[in-house]
1. Which residues, counting only those in region B:47-100, are more than 8 Å from chain A (Cβ to nearest Cβ) and in a helix (DSSP H, G or I)?
2. Tell me the residue from A:Ser238, A:Ser252, A:Ser269 that is hydroxyl-bearing (Ser, Thr, Tyr), over 33 Å from the mean Cα position of the chain (by Cα) and not in a helix (DSSP H, G or I), please.
3. Among the residues of region A:289-296, are any of a type in the set (Asp, Glu), without any contact (Cβ under 8 Å) to a residue 40 or more places away in the chain and closer than 17 Å to A:Arg119 by Cα?
4. Which of (1) among the aliphatic types (A, V, I, L, M); (2) away from every other protein chain (no Cβ under 11 Å); (3) not in a helix (DSSP H, G or I) does B:Ala113 not meet, given it meets every other one?
5. Can you name the residue in region A:1-33 that is among the polar types (S, T, N, Q) and more than 19 Å from A:Gly450 (Cα to Cα) and, of all such residues, is farthest from the other protein chains (Cβ to nearest Cβ)?
6. Filter region B:7-29 for residues that are under 8 Å from the mean Cα position of the chain (by Cα) and either within 12 Å of another protein chain (Cβ to nearest Cβ) or hydroxyl-bearing (Ser, Thr, Tyr) (or both); which is farthest from B:Glu168 (Cα to Cα)?
7. Name the single residue that is farthest from the other protein chains (Cβ to nearest Cβ) among those in region A:301-360 being in contact with an Asp or Glu (Cβ under 7 Å, 6 or more places away or on another chain) and assigned to a helix (DSSP H, G or I).
8. Give me the residue from region B:117-128 that is surrounded by 15 or more Cβ atoms within 10 Å (Cβ to Cβ) and either among the polar types (S, T, N, Q) or within 7 Å of another protein chain (Cβ to nearest Cβ) (or both) and, out of that set, farthest from A:Lys543 (Cα to Cα).
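The values are calculated or read from the model by the stated rules, or taken from the named source; none is laboratory data. All values derive from a computational prediction rather than experimental measurement. Virtual Cβ from ideal backbone geometry, glycine too; neighbours counted across all protein chains shown.
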Amino acid sequence: MSAILLSGNEAIARGGYEGGVTAAFGYPGTPSTEILESLVQHKDEVYCEWSPNEKVALEAAAGASLAGARVLVTMKHVGLNVAADPLLTLAYIGVEGGLILCVADDPGQHSSQTEQDTRQYARLAKVPVLEPSDSQEAKDFMVAGMEISEKYRTPVIVRTTTRVSHSRSLVEFRDRVKSDREIAFQKDPSRHCPLPVWGRRMRVELEQRQHQMAEVAAASPLNRIELRDRKLGIITSSIAYQYVREVFPEASVLKLGWAYPFPDALIRSFADQVENLLVVEELDPFLEEHVKSLGFACHGKNIVPACGELSAAKLLEVRARLEGRDPERTPARYAVETLPARPPVFCPGCPHRGIFYGLTKFDVLVTGDIGCYSLAVFPPLNRTDVILCMGGGISMAHGLEKSGEKRKVVGVVGDSTFFHSGITGLLDIVYNRGKATIIVVDNRTTAMTGHQDHPGTGRTLMGETTREASIEAIGKACGVQRIRTVNPYNLKEVHTALSEELAADEPSLIISRAPCPLKEHHDVGPKMRIDSDKCKRCRACLKLGCPAIENSDGVIRINSLMCAGCGTCAEVCRFGAIEQIVE
Amino acid sequence: MSSEKTISIVMAGVGGQGILLASEVTARTAILCGLQVKTNEVHGMAQRGGSVIAQIRFGTEVYSPLVAEGTADALLSLEAVEALRFYSYLRPAGLAVVSRQRVIPVTVSSGGAAYPEPEPALREVFSRLLYLDALAEAQKLGEPRAANMVLVGALAKHLSLPLESWEEALTQCVKAKALESNRNAFRRGLSLADDFL
């Protein structure tokens, strides 16, 4: 079969398929999302689901693995924070069917609140980590990882990064290799229940397994020495390998595809064969610190940036520093910083606009959360004051209110985020007699990551219809007495709801409900236009921050290619200058 | 074009303008020519109306999927100001294929920022500039969403990959019902680039 151009994520999905995965679990998160979206094409052979959150995904995967199934779990780096609890204990219990946890890091924070190096979790959990550097490896390492997982009965982390996941390169396919294991859970509490009496033994076995794997990794084809000029030897992994080959074509390279447990024998052998050592890795000095602990002097984060992602351009600067030269800098031919910024914004027709515009009319603190609605932090809305993590919008609102802060506090979370980790925060507010107002901006999808289903949409990843979880009923079950639903396209309704709920001396839950028009693929209503005779240039419509409303030369107009017809602009116009286009 | 050298192309624009398809068609063409190809694209938050770029590299051996600044052989931009934002990717003698289309950022409409008159700056910054009204051309052909293919056609004129491969790539990448309009837009771009050296 000829090679096919695949993104790293599509290749990981293909690798899972070829490696015999029969069940896959995950929660969407850039840059990991497309793995399950691609794998579900094999839904006749692979059960795929979006779990409510990453912890649940890994726990469900553990269950499937213990019955003997080969499983894949996917998430972004911050998702592993949520799933850390099951990971560390699953490492003790071990797996039966192979289990690969694919975690996508985001050096450069393209779509993330933090930079995190998932290799640190591998060390903390004492599980192996594989790092592909292109799509072919992304696919092949999944198959290799499955073998390692079953042979050593350990969960295996495949760590990818934004540039590995979202770059495309050519991949050759192989046939699917299925497990011949019968699916049947074998009762053995001493293996499956980490009570201290057995957990202490598991702890010792975990350590022994690490030593075994370090020896195997040193001889594994996933790691290789490329000997060229021996003056400089570079130890590298992941996408950084590609930049190294580009910028240091003559150097010898130790390319680590299976970096942890550290393959000490191989590192020693390489270090002995070259005169100078340089470690090139993105984010933390994970390899570098270990190389130094083995007694080898090396360059690393003293000349390679630790923050942000690497690139060939950055390695050119590293090379200059290594050679004692000043990095070459091309003088700027244009002052790019003078250009108008183009930050991401709420799309035309976005239902979040109405609720955050409504909030601009109140002197309240707004604790936001993770999703498209994070963009409410930017001008002109400026209506989010703090963002922490998934579900944090609700819990932080509670803590702010309990602090004695005089202003009323509003917590805003999305629908998918509410199901992910908002419910426990709501429970906390009611249980501990809080008074925060919580708004769930329910656009009926996980929008930011590209419209994935969740427990509230009535549809599964495999395309089946299912029962819809009700946010209202969950609120009621948590004990919230004041629950109401608003249409965010009706600004009057939004204003009334906010006025009444903010005045209440008890917790309240507002569900702002309208589907994401991008998901629905159709406009909200007829497109709008501005009658320039009636327009008084008062700029009220511009306070909505709608990219379809353009004002560049004193005339305010609506770009009909972009307008989604939500009509929110007509609601804020006091002069009746904005009207529907009549076809 | 010598197949020894890796060719690097950067495509810029605003999220939702169709950079992805432009990138896919170009990558597919290079694959059909038997070359190694790597591409990179932006997902997630930046797609919501922000500045976006796609990068394509092809040749006999390609390592990095990212284009280093000052090394791109061509810069294709679907929006005028975005060409300036990413100008530094282009090597000094590289070709800039830029649409006259303006997408006014919210920072201009509702904030204090100004949208500059782009043409003088574009002519100053790019020694080889093809500045086309790709949107108007596509509208003339009845499909404004094919503006991206007008630019790809103009780019194709200056990349020495065979025309049959481009046409075949279009057929493979574009959905059947949009193929005709995209093919017309591509050919229009080719002919617009005719007079340009």
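1. Passing the criteria: B:Ala80, B:Ala83, B:Tyr89.
2. Being hydroxyl-bearing (Ser, Thr, Tyr), over 33 Å from the mean Cα position of the chain (by Cα) and not in a helix (DSSP H, G or I) holds for just one of A:Ser238, A:Ser252, A:Ser269, which is A:Ser252.
3. So far as region A:289-296 goes, yes, one or more of its residues are of a type in the set (Asp, Glu), without any contact (Cβ under 8 Å) to a residue 40 or more places away in the chain and closer than 17 Å to A:Arg119 by Cα.
4. B:Ala113 satisfies every listed condition except (2).
5. Result: A:Thr22.
6. By that ranking, first place goes to B:Ala12.
7. A:Ala320
8. Here the answer is B:Val125.
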